[in-house]
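A.B. asks: Dropping a structure here in structure tokens format, bear with me for questions.
The values are calculated or read from the model by the stated rules, or taken from the named source; none is laboratory data. All figures in this text were calculated on a predicted structure; none of them were measured in a lab. Backbone-built Cβ (ideal geometry, glycine too); neighbour counts: all protein chains shown.
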């Protein structure tokens, strides 16, 4: 079994992200993937989200930020809810009648119990079925993909270390999947003269 990798190809990422929107429509699964790609949260933290984490029932509006205590590290983190997440949540919520304490990602028959990590893995693997490097895709790929694209768009590695709560740049570098192909790209594109 290979190491989990980020989804590096833009075409593969688009296909992965829209699988449950266009190929096999499922608002819950689509929202799960959107949340995973856009929050950099571990799947255990995503599966523990409840509707009151993302929606303010008292004021009848979506929250601007997601504030959670990470399960693995015990650290508090605050994540801005971007437009992609909000749109997915709006569409998803239209398919359900939800209460504040209901888990976000549940079976359609029981909103009090989140789907399992195994079920989340199956959802991710199915969405990855048509992409080129599907063998190395898992739930953790979403977290790594966020960092990879943030890094490619110029986010400083120190900031990514902070987002991930990593203790060293080596861990973050491994997460981002920075390999020989990225190094080669720099050497081939550099124009010093």
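A.B. asks: Looking at this structure, is residue 85 touching a helix residue (DSSP H, G or I) at 6+ places or on another chain (Cβ under 6 Å), assigned by TED's automatic domain parsing to the domain that holds residue 39 and more than 23 Å from residue 26 (Cα to Cα)?
C.D. replies: Taking the combined requirement at face value, the residue does not satisfy it.
A.B. asks: Out of (1) touching a helix residue (DSSP H, G or I) at 6+ places or on another chain (Cβ under 7 Å); (2) part of a loop (DSSP other than H, G, I, E, B); (3) within 16 Å of residue 98 (Cα to Cα), what's the single condition that is false for residue 71?
C.D. replies: Just one mismatch for residue 71, condition (3).
A.B. asks: Quick check, is residue 59 farther than 20 Å from residue 150 by Cα and buried (at least 18 other Cβ atoms within 10 Å of the Cβ)? Write out each step before concluding.
C.D. replies: Values: farther than 20 Å from residue 150 by Cα: yes; buried (at least 18 other Cβ atoms within 10 Å of the Cβ): no.
It is false that residue 59 is farther than 20 Å from residue 150 by Cα and buried (at least 18 other Cβ atoms within 10 Å of the Cβ).
A.B. asks: Okay, next question. Return the total of residues in the range 127-148 being at pLDDT 90 or above and surrounded by fewer than 18 Cβ atoms within 10 Å (Cβ to Cβ).
C.D. replies: Of the residues in the range 127-148, 1 are at pLDDT 90 or above and surrounded by fewer than 18 Cβ atoms within 10 Å (Cβ to Cβ).
A.B. asks: Follow-up question, since we're still on this one. If residue 119 satisfies all but one of (1) modelled with pLDDT under 85; (2) out of contact with any helix residue (DSSP H, G or I) (no Cβ under 8 Å at 6 or more places or on another chain), what's the number of the condition it fails?
C.D. replies: (1)
A.B. asks: Looking at the range 1-24 only, could you name the residues that are touching a residue at least 40 places away in the same chain (Cβ under 8 Å) and part of a loop (DSSP other than H, G, I, E, B)?
C.D. replies: Within the range 1-24, 2, 3, 4, 5, 6, 7, 8, 9, 24 meet the criteria.
A.B. asks: Right, next: So how many residues does the range 155-177 have that are at pLDDT 90 or above and more than 22 Å from residue 78 (Cβ to Cβ)?
C.D. replies: 0
A.B. asks: Report those helices (runs of 4 or more DSSP H) wholly inside the range 76-193 carrying at least 1 residues which are more than 30 Å from residue 51 (Cα to Cα).
C.D. replies: 139-152, 157-164, 169-176, 180-189
A.B. asks: When you scan the range 25-42, do you find a residue that is outside any helix (DSSP H, G or I) and loosely packed, with under 12 Cβ neighbours inside 10 Å, even just one?
C.D. replies: yes
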